[in-house]
Amino acid sequence: MKRVQAKPLGTLSRRTNRATDEKVESRPQEQKTSEEAVFDVQDLSVFYGDFRAVRNVTLAVSQRNITALIGPSGCGKTTVLRCFNRMNDLVDTARIEGNILYHGVDLYESRVDPVEVRRRVGMVFQKPNPFPKSIYDNVSFGPKIAGFKGSMDDLVEEALTKAALWDEVKSRLKESGMSLSGGQQQRLCIARAIAVQPDVILMDEPCSALDPIATGHIEDLMQDLKNDYTIIIVTHNMQQAARVSDMTAFFTAEVNEKQDRRTGVLVEFDHTERMFTNPSDERTENYVTGRFG
Amino acid sequence: MSNAAGGLLLELEGSPARRRKERIVRGIFFALAAMSVVISATIVLALIQEAVQFVGAIGVGDLWQRGWFPRRGIFDVRTILVGTLVVTGIGMLVAAPLGLGAAVYLSEYARPRIRKLLKPILEIIAGIPSIVLGVFAFSWINPQIVDRFLCGDASFFNLGAAGVGVGVLVTPLVASIAEDAMRAVPMSLREGAYGLGARKRSTTVKIVFPAAISGIVAAVIVGMSRAIGETMVVALAGGATGGSLFSADYCQPGQTMTGAMAALAIGGDQVKGDVSAFQSLYFVGLVLFLLTLGLNVLSGRIVRRVRKKY
Ligand SMILES: Nc1ncnc2c1ncn2[C@@H]1O[C@H](COP(=O)(O)OP(=O)(O)O)[C@@H](O)[C@H]1O
Ligand SMILES: [Mg+2]
């Protein structure tokens, strides 16, 4: 793995002046042209207290790509995903070893403010979790707290349109977000994440609570979103990973040193196509061909 | 019917003795439920009957004049109603911010270890007998808070001290109900907000608080009911055991409905023999009951209306 030189902290620092901090411009300029990774994960281990949930993960997430994290339940996919926006900071016992570089900046550097990270790295959760507010207020919540000054109506429309939900809800923006169907709720959550104009969107099994038709909607949507955003998706559905992702990381759980718990390990990280047709690890092959056991 | 089927039918019939037992148990529970309804209804009917007799005896017009002096046959309901409102108002001015603040802290900010330490303390405060708080109200709250900061020249007994004392009394109640409501807000909503780059403060104010609003309103209203019904603190710190002139001045002694009832019932006002004074007890009790009932109905309404919206 190529070690990327850590750049000085730019916009992630707490001391950033918000007034001049235009979201789109705040992304480092060179990313559009260079091959540089959005995230560079180096030898990452995640602990809950003494328990090491995941160990020694090394992978790179590239710009405007869909990266899938797959593997059996409990192998630490969610745990790894929640490191990318420092969501694990909310768990008192959680801590990491190793490095995650975000556009070359060490995400866990002491000066980095997790709130600034989360404004750039949005998240869609496994279970749709719209706020008990109107559809409009769900979408405008993020921009509002970030101090957005432009036309909120336009922003809400744009986000809902990008999330392929506008036509279904445009006549009832004042209704509660909770009144929508499960699939619509999840698209509302995606719109909500898009509205803060993030750089990356993390999705934790976004379709696991949805029926096949709603799942299809979301998968199509991800292909559209790929043009503007970098997406990392956790799924335990291999077909879904094969359908939507460019890169796939396959995790599994192995009995740990103390023989009492299972620790997640990254088995293989490769182009999705190669992963599913010609995996280099036997465990991957067993899993993708359904012989996992 | 074949023999085999006949045997099955017999099995399926089960045991008549068990069915009889079931009926008896059901009957016992029905009787218990009915009894509590009958007792409540009897109390309310007795209240109404005596109250009507009281109003009939002194005349409706006499309920609106010159203060509350049962000994002299002067029954101005406004006096004690205003006394109750002043005490309750001051009580809630203390209890709502303190209680809701404590609830926000315990539910959103306190680390588990600190919460484990603080919750029992809250319960200890809730367990202080109200007569102790009453003593505390006139001996400490009055000189140190009411007289020093609010009045300057307060009487030894006054409604202000009683109000603050009542506020301290209901704070744990408000805190505990509101905290339950906020902790019931699913973690996933908070995570949704944090995931959008919200800080703790906006998450609490804009997500958790509105999501728990029905429980928070209920907490305040239950606190209010409790404040209205509180007797001991007022009887000790509010003064005016005998009677009271109409006044809303919280620096002066005053009488609340509960205080007036206590004075009447224990005979502190030396009216034991006076029939209409004795009956006024029922009348005030009825008003108190209606007030609390109204608040409970209101809180139910608010809770339902807010729920419907989301
Ligand atoms: N907050 C937590 N505290 C302690 N252990 C946790 C926590 N979250 C997850 N774990 C443990 O970490 C391991 C990985 O969990 P998770 O990342 O949710 O797996 P996956 O998403 O692949 O199903 C599991 O053994 C799980 O029990
Ligand atoms: Mg998971």
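Oblate is the label for chain A. Its Cα gyration tensor axes, ordered a ≥ b ≥ c, give a/c of at least 1.5 and b/c at or above a/b.
Taking a ≥ b ≥ c as the square roots of the eigenvalues of the Cα gyration tensor, chain B is classed as oblate, since a/c reaches at least 1.5 and a/b does not exceed b/c.
As a ratio to 2.2 N^0.38 Å, the alpha-carbon radius of gyration computed for the stretch B:2-58 takes the value 2.43. Each distinct pair of alpha carbons in the protein assembly as shown adds a 1/r term; the inverse of their mean, the Kirkwood radius, is 29.4 Å.
Report the paramagnetic label zone for A:His271: residues of the stretch A:62-87 whose backbone N is under 17 Å from a point 7 Å from Cα along the Cα-to-Cβ axis. Within reach of a label on A:His271: A:62-68. The angle between the Cα long axis of helix B:112-127 and the main principal axis of chain B comes to about 60°, on a 0 to 90 degree scale.
Quote the FRET efficiency, to the nearest 0.05, computed for B:Ala265 versus B:Val132 with a Förster distance R0 of 30 Å and r equal to the Cβ-Cβ distance. Please list the in-between numbers first.
Numbers: r = 21 Å, r/R0 = 0.71.
The calculated FRET efficiency here is 0.90.
With springs only between Cα atoms under 10 Å, which of B:Ile43, B:Ile58, B:Ile141 fluctuates most in a Gaussian network model of chain B? Among B:Ile43, B:Ile58, B:Ile141, the largest GNM mean-square fluctuation belongs to B:Ile43. Take the Cβ-Cβ distance between B:Gln53 and B:Ala31 as r, set R0 to 41 Å, and report the resulting FRET efficiency rounded to the nearest 0.05. So the FRET efficiency works out to roughly 0.80. State which stretch of chain A is the longest one without any exposed trypsin sites (Lys or Arg not before Pro), exposure meaning a DSSP loop state and at most 12 other Cβ atoms within 10 Å. After excluding every exposed loop site, the longest remaining stretch is A:16-110. A crude spin-label estimate for the pair A:Ser151 and A:Lys174, with each label 7 Å from Cα along the Cβ direction, gives 2.1 nm. Treating r as the C-beta distance of B:Leu293 and B:Ile114 and R0 as 35 Å, the FRET efficiency rounds to 0.35. Gaussian network model of chain B, Cα springs within a sub-10 Å range: biggest mean-square fluctuation belongs to which of B:Asn142, B:Asn158, B:Asn296? Residue with maximal mean-square fluctuation among B:Asn142, B:Asn158, B:Asn296: B:Asn296. Could you work out the relative contact order of chain A, using alpha carbon pairs under 8 angstrom and six or more residues apart, expressed as a whole percent? In percent, rounded to a whole number, it is 24. For the stretch B:155-310, just say rounded, prolate or oblate: build the C-alpha gyration tensor, square-root its eigenvalues into a ≥ b ≥ c, call rounded for a/c under 1.5, and beyond that prolate if a/b exceeds b/c, oblate if not. Here the stretch B:155-310 falls in the prolate category. Within the listed set B:Val132, B:Val233, B:Val82, the residue fluctuating most in the Gaussian network model of chain B (springs between alpha-carbon atoms under 10 angstrom) is B:Val132. Each label was represented as a point 7 Å from its Cα along the Cα-to-Cβ direction; for B:Ala41 and B:Arg19 these points are 3.1 nm apart. Less than 5 angstrom separates the built amide H of A:Leu69 from those of A:Ile233, A:Val234, A:Thr235, A:Ala249, all sequence-distant by 5 or more or on a different chain. Spatially, the stretch B:83-98 and the stretch B:155-184 are offset by 8 Å when compared through their Cα centroids. With the simple model of a label 7 Å out from the Cα in the direction of the Cβ, B:Arg301 to B:Lys200 spans 3.9 nm.
Only the coordinates and a few stated rules stand behind these numbers; no lab work does. Worth saying up front: this structure is predicted, and the values here are computed from it rather than measured. Positions of Cβ are generated from backbone atoms using ideal geometry, with glycine treated the same way; all protein chains shown enter the neighbour counts.
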